[in-house]
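The values are calculated or read from the model by the stated rules, or taken from the named source; none is laboratory data. Remember, predicted model here, so these are calculated numbers, not experimental data. Note: ideal-geometry Cβ built from the backbone for every residue, glycine included; neighbour counts use all protein chains shown.
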């Protein structure tokens, strides 16, 4: 049974968010329910829906915080050295972040919105923010490429890196590759940048392939 509110709306929102984050971190998405959340915070299940529209709204907010934390970590990453070293350090930072709390990171893949539930624009902007440091690191190697090419390059690299890290946090990568996850991240950078050298030899100092 619920108790009388002793928190301000802002405090209650934070209480719910923290409790939900803890549940997902400990037990994964399948461990989260309105009933379990209510038990954690000491309120009735209906209290949740006075603060958030539904569980999807709550989960999107948790994901947004996770993306903000990752964006901040990438912004603080050491990006000294050669362009390749900058990309390598960003990839290693991204990978390390995903390993800190696998269940929470997996929320990004496991949470599926209903077909009639549009992805909020603010959520899309947070995803876009992850591409900013990646594109900035790749740009010196794409100096002569147009803006669309630079944008695609950043998205392709991010999607591939995201796939490797997401598979690693679900323990589905090693049985397939037989390699350490960190090694695969390094190989991804090497192979991707080598491919860029074939596409844009003038910008990365790689000879064009013979025809």
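Considering only the range 12-35, how many residues are closer than 12 Å to residue 51 by Cβ and in contact with a helix residue (DSSP H, G or I) (Cβ under 7 Å, 6 or more places away or on another chain)?
The initial filter retains those residues of the range 12-35 that are closer than 12 Å to residue 51 by Cβ, namely 12-17, 19-20, 34.
Filter once more, keeping what is in contact with a helix residue (DSSP H, G or I) (Cβ under 7 Å, 6 or more places away or on another chain): 12-13, 15-17, 19-20, 34.
Of the residues in that region, 8 qualify.
Quick check on my filter: what residues within the range 119-143 are over 20 Å from residue 66 (Cα atoms) and assigned to a loop (DSSP other than H, G, I, E, B)?
Let us first name the residues in the range 119-143 that are over 20 Å from residue 66 (Cα atoms), namely 135-143.
Passing the criteria: only 143.
For the residues 50, 27, the requirement of being surrounded by fewer than 18 Cβ atoms within 10 Å (Cβ to Cβ) and under 18 Å from residue 110 (Cα atoms) singles out 27. If only residues of the range 141-151 that are free of Cβ contacts under 8 Å to residues at least 60 places away in the same chain and touching a helix residue (DSSP H, G or I) at 6+ places or on another chain (Cβ under 9 Å) are counted, the one that is surrounded by the fewest Cβ atoms within 10 Å (Cβ to Cβ) is 144. Here the range 74-100 is the region considered, the condition is being within 12 Å of residue 165 (Cα to Cα) and over 11 Å from the mean Cα position of the chain (by Cα), and the residue that is surrounded by the most Cβ atoms within 10 Å (Cβ to Cβ) is 91.
Among the candidates 122, 158, single out the residue that is within 15 Å of residue 74 (Cβ to Cβ) and either touching a residue at least 24 places away in the same chain (Cβ under 8 Å) or within 13 Å of the chain's Cα centre (by Cα) (or both).
Numbers: 122 fails: within 15 Å of residue 74 (Cβ to Cβ).
Exactly one residue qualifies, and that residue is 158.
Would you call residue 38 surrounded by 14 or more Cβ atoms within 10 Å (Cβ to Cβ) and touching a residue at least 40 places away in the same chain (Cβ under 8 Å)? Reasoning before the result, please.
Values: surrounded by 14 or more Cβ atoms within 10 Å (Cβ to Cβ): yes; touching a residue at least 40 places away in the same chain (Cβ under 8 Å): no.
Spelling it out, it is not the case that residue 38 is surrounded by 14 or more Cβ atoms within 10 Å (Cβ to Cβ) and touching a residue at least 40 places away in the same chain (Cβ under 8 Å).
On the stretch given as the range 45-59, residues that are in contact with a helix residue (DSSP H, G or I) (Cβ under 6 Å, 6 or more places away or on another chain) and over 24 Å from residue 123 (Cβ atoms) total 1.
Which residues, taken from the range 97-110, are in contact with a helix residue (DSSP H, G or I) (Cβ under 8 Å, 6 or more places away or on another chain) and either in a helix (DSSP H, G or I) or at pLDDT 95 or above (or both)?
At the first step, the residues of the range 97-110 found to be in contact with a helix residue (DSSP H, G or I) (Cβ under 8 Å, 6 or more places away or on another chain) are 97-99, 101-110.
Of everything in the range 97-110, those that are in contact with a helix residue (DSSP H, G or I) (Cβ under 8 Å, 6 or more places away or on another chain) and either in a helix (DSSP H, G or I) or at pLDDT 95 or above (or both) turn out to be 97, 98, 99, 102, 103, 104, 105, 106, 107, 108, 109, 110.
Taking every residue in the range 70-98 that is within 15 Å of residue 154 (Cβ to Cβ) and pairing it with any residue that is assigned to a loop (DSSP other than H, G, I, E, B), at least 6 positions away or on another chain, the pairs with Cβ-Cβ distances below 8 Å are 86/79; 86/80; 90/77; 90/79.
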